[in-house]
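Shown next, in C-alpha cells, is the structure this report addresses.
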Amino acid sequence: MRKPIIEVNGLGKCYRLGQIGMTSLRESINRSWRKFTGRTLPGDENKSAQEFWAVRDISFKVERGEVIGIIGRNGAGKSTLLKLLSRITDPTVGEARLRGRVASLLEVGTGFHPELTAKENIYLNGAILGMTRAEVTRKLDEIVDFAGVEKFLDTPVKRFSSGMYVRLAFAVAAHLEPEILIVDEVLAVGDADFQKKALGKMSEVSTQIGRTVLFVSHQMSAISKICKRTLLFSEGRIKADGQTEDVINLYLGNEEENGNSIFHAKIPDVTKKPMVIKSCAVTDNSGNPASIIRSSEQIKLLTKIRCLDFIPGSCMAYCLVDRHLRRVFLKFIKIESPVTKELETEFTIRPNLLVPGSYTWSVAIVIPNVRLIDGHENICRFTIRDDGTDLINPESEDYGCVILSQSDYTHSQINC
Amino acid sequence: MTPQPEIIIRPHRDWWQIDWAEIFRYRDLLLIFVWRDFIAKYKQTILGPAWFVIQPILTTIVFNVIFSRVAKIPTDGLPPTLFYMAGLLTWNYFANVFSANANTFTNQAQVFSKVYFPRLIVPFSITISNLLAFSLQLATFFCFWAWFRFFTPAGDQIVLGWNVLLFPLVIVQTGIAGLGVALIFSALNAKYRDLAFLLSFITQSWMYATPVIYALSRIPENWRWLANLNPLTQPVEATKLLLLGTGTINPLDYAQSVIITLLLFAIGLSMFHRAERTFVDTV
C-alpha cells in the first residue's frame with residue numbers, strides 16, 4: 001500500500017506575542033541590561049510569557065488525488081497551516097511529511113516585476129513557483145492562451161490593467177505541475193467570469209490529472225464544488241474532518257451557541273417602569289431563534305414587552321451595531337396603544353442589506369429625545385453569513401455595513 | 001518530472017543542514033533572478049548601466065584631488081588615477097555585494113511571506129548579477145590603463161604579466177567575502193531593523209580600513225597584521241599587483257585572508273539559515 005501523500009502529526013505553531021514585530025536593537029540591549037542588573041520591569045517577563053498557539057495538535061492524512069477543503073473563521077489557523085505546509089515558516093512542534101513536489105499559491109503574481117514584459121514575467125513567476133525553464137517553455141502557449149494576453153506578450157506588465165495582471169498571474173500558477181497544490185483564497189480575484197474559469201481549472205487539475213489539492217476558501221460554493229472532504233478549523237484546531245457537505249453545515253449551522261441570540265431581561269418583581277422589555281430574540285425566516293443568519297435571509301428581531309401603563313407617544317428604538325462598534329442605524333417606531341398588557345413586536349430587515357459579519361442589537365422603549373423608559377444595549381449578538389453576495393472575501397475586507405444593490409445607486413462615466 | 005525526496009517539515013532544522021541539493025534543483029530560479037536583475041537595471045533608465053561607469057570615475061577624480069593633490073598620500077609610485085581605479089574596482093564589487101544583500105530579508109519580505117524557495121538563492125543571484133557592474137568597471141579601467149601605459153611617460157612602471165589570470169580568483173574571493181558579511185548583516189537586520197542605518201557608515205569606514213586610497217606598503221611592518229585581519233586588504237592589494245605590477249602581497253597573509261573570508265561566509269550561512277526559519281513571523 002502506498003503511503004499517504006501528506007501526513008501531518010501533531011503540528012503546532014506558537015507565536016510569542018511579545019516578540020511579534022520588529023525589535024529595535026536598543027530595546028534588546030535595554031532588556032538584557034536590566035536582566036543583567038536584576039532590575040526587570042514588569043513588562044519584560046510578561047513579554048516572554050504570552051504565548052499564542054495559531055495552530056495546535058494538527059494531525060491528518062491525505063491520500064493521493066484527494067481534494068481537501070479547509071474552512072473556518074478568520075484567525076482559526078487555516079492560513080498558518082498553509083504557511084507551515086508551504087515551508088514559509090517553521091513549526092514549533094510536530095512534523096509534517098509531504099511525499100511529492102509542492103507548489104503553494106498563497107497569492108497570485110508573487111514576485112512579478114513591473115518593468116518586465118508579460119513573457120518575461122511568466123518565466124520569472126514560474127521559476128519562483130518551482131518550475132524549471134524547460135517546463136515553462138513547454139507550457140507557454142497554454143498559459144498565454146488561458147490568460148488571454150497574446151497581444152500583449154511583449155508589453156511590460158506595469159501597463160497591464162489589474163484584471164489582466166491577475167489573469168496572467170493565475171494562469172502561470174494554474175499550469176504548475178506539482179503533485180501537491182496548496183491554494184489560499186486566490187480565487188477571490190478577478191471578475192466573475194474569470195473566477196468561474198479559475199475554479200473550472202482547479203477541479204480539472206484535481207479530477208483529470210489526479211493531483212492532491214489543499215484549498216482554503218471562505219466561499220462555501222467553491223469548496224462544495226471541488227472538494228469531497230473538508231477540514232473545519234476553529235481556534236487553531238481541527239474541529240471537524242469529513243464529507244464537505246456535513247462540515248459546511250456544521251460550520252454554518254451551530255458554529256456559535258444559539259443561546260446568545262436570545263436575550264431575557266431580569267425584571268425585578270416590583271418595577272416602577274410602566275413599560276419593560278421582557279426579551280428579545282433574533283430569529284430566522286421561520287421564527288426559530290438563530291445566531292447565524294444567511295445573507296439571503298430576512299433578519300427578524302422579536303421583542304416581548306410588558307405594558308403596565310401605556311405612555312402615549314412612546315416608541316420602540318432599534319439600533320444595530322456592527323463588530324467595529326459602528327452604529328448601522330437607529331430607528332424609532334411608534335407603539336400603538338395596546339389592548340393587552342403583554343405585546344410582541346417583530347422588526348424585520350430585508351435580505352441582502354447588511355454586509356456579512358457579526359452585529360448586536362440595542363433595543364429600547366423611549367419617547368424620542370425626551371425620556372428613556374426601558375432599554376438594553378449590546379444584546380442578541382448574531383452573525384450574517386455570506387451565501388452569495390457579490391462581495392469578495394467579506395471576512396477580511398471591511399465593506400462597511402450596507403450592501404448597495406443595483407437599485408440603490410446610479411453610476412455614470414464620462415469620457416473626456 | 002524527476003521523483004522528489006520526501007519533504008519533512010519539523011522544527012529546529014540545524015544550521016549545518018543547508019540543503020545544497022535543493023539549491024541546485026532551483027538553479028533555474030537562480031539564473032532567472034540574475035537575468036531579471038540585468039534586464040530590470042537596463043530597462044529602468046537610459047543612464048542605468050552608464051552609472052556603473054560614471055560613479056567610479058567621479059570617485060577617482062575626487063580621490064585624485066583630495067588624497068593625491070591635497071593630502072599627498074603616495075600611491076606606490078603608480079599614476080594615482082590607475083591606482084585608485086584598480087583599488088575601487090575590487091572594493092566596489094565587495095561594497096555593492098554587501099549593500100545589495102544586507103537588507104535581503106526586509107527587501108524580500110513580500111515574496112518570502114508568500115512563496116517558498118531556498119532563500120539563499122536571492123543573495124547568491126545578487127552576488128552574481130553585480131558582476132555586470134563589475135565588468136563594465138573593468139572595461140573602463142582597461143581603457144584608462146591602455147592610455148596610461150602607452151601614452152604617458154609613467155607607462156613603463158605599469159606591468160601586466162601572466163599572473164593576471166589569477167585575477168578572477170581574487171574576484172571570487174571578494175564576492176564570497178561580500179556575501180558572507182551581507183548574510184551576517186541581513187540576519188541581524190531581520191531582527192534589529194535599526195541596523196540598516198549603520199550600513200553606509202560601515203561600508204564607508206571599511207573602505208578607509210582597506211588599502212584603496214593608500215598602499216599597504218605605507219603601513220609600518222609591525223602593524224600590517226592588523227591591516228591583514230581585514231579580509232579585503234589582500235584582495236585589493238592583489239588587484240593592484242596583478243593589474244599594475246605593484247603591491248604588497250605575501251602568501252601567508254593571503255592564506256589568512258582566504259581563511260577569514262571562508263570563516264565569515266560560514267558564519268553568515270549559519271546566521272542566515274537561523275533567521276530564515278522564522279523571519280516571516282516577525283514581518
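Key figures
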read-out	value
Between the range A:103-155 and the range A:340-416, the Cα center-to-center distance that results, in Å	43 Å
On Cα atoms only, tilt of B:27-44 relative to the major axis of chain B in degrees	60 degrees
Overall Cα dimensions of the range A:199-339 - principal axes, largest extent first, Å	73, 29, 27
Percent of C-alpha pairs per 10 Å bin, the range B:126-283, short to long	9, 32, 34, 18, 6, 1, 0
Residues losing 30 Å² or more accessible surface upon assembly, the range B:236-283, compared with the chain by itself, 1.4 Å	B:Arg277, B:Val280, B:Asp281, B:Thr282
Candidates per trypsin sites (Lys or Arg not before Pro) in the range A:313-368, loop by DSSP, up to 16 other Cβ within 10 Å	A:Arg323, A:Arg326, A:Lys341
Accessible-area value, A:Leu250, 1.4 Å probe, nucleic acids and ligands omitted, Å²	60 Å²
Debye log10 I(q)/I(0) at q = 0.09, 0.15, 0.19 Å⁻¹ for the range A:258-385, Cα point scatterers	-0.25, -0.68, -1.05
DSSP beta bridges in chain A [antiparallel fraction, %, rounded to 5]	75 percent
Percent RCO, i.e. relative contact order, over the range B:124-283, from Cα pairs under 8 Å lying at least 6 residues apart	33 percent
Hull-based mean projected area of the range B:84-200, where the convex hull spans the alpha carbons, in square nanometres	8.7 nm²
Solvent-accessible area buried by B and A, counting both chains, probe 1.4 angstrom, square angstrom	4200 Å²
Of all DSSP beta bridges in the protein assembly as shown, antiparallel share, percent nearest 5	75 percent
Mean-position separation - Cα centroids, the range B:21-92 and the range B:188-249, in angstrom	16 Å
Convex hull volume of chain A per residue (C-alpha atoms, cubic angstrom)	251 Å³
Loop GluC sites (Glu not before Pro), the range A:56-111 (other Cβ atoms within 10 Å of the site Cβ: 15 or fewer; DSSP)	A:Glu63
Calculated FRET value between A:Leu250 and B:Leu263, using beta carbons and R₀ = 51 Å, to 0.05	0.30
Two-site label geometry, B:Leu198 and B:Phe151: point separation in nm, points 7 Å out along Cα→Cβ	4.7 nm
Of A:Leu106, A:Leu11, A:Leu404, the one that fluctuates the most in a GNM where chain A has Cα springs shorter than 10 Å	A:Leu404
Rounded to 10°, Cα long-axis angle of helix B:80-101 versus longest principal axis of chain B	10 degrees
Highest-MSF residue in chain B out of B:Ile57, B:Ile184, B:Ile39 [GNM, Cα springs under 10 Å]	B:Ile39
Per residue convex hull volume, Cα atoms of the range B:70-134, in Å³	105 Å³
Relative counts (whole %) of C-alpha pair distances in the range B:167-217, using bins that are 10 Å wide	21, 43, 28, 8, 0
Restraint check, A:Lys61/A:Lys197; A:Lys151/B:Lys114; A:Lys273/A:Lys304, Cα-Cα greater than 21 Å	A:Lys61/A:Lys197; A:Lys151/B:Lys114
Hydrodynamic radius (Kirkwood) for chain B, which is based on Cα pairs only, to one decimal in Å	20.3 Å
Volume per residue of the C-alpha convex hull in the protein assembly as shown, rounded to whole Å³	263 Å³
Accessible surface, per residue, of the range B:42-282 when the full set of protein chains is kept, probe 1.4 Å, Å²	44 Å²
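The values are calculated or read from the model by the stated rules, or taken from the named source; none is laboratory data. Being a predicted model, the structure only gives us computed values, none of them experimental. As a convention, Cβ positions derive from the backbone with ideal geometry for all residues, glycine included, and neighbour counts pool all protein chains shown. With ligands, DNA and RNA removed, areas are computed over all heavy atoms of the protein, side chains included. Shrake-Rupley method; radii C 1.70, N 1.55, O 1.52, S 1.80 Å.
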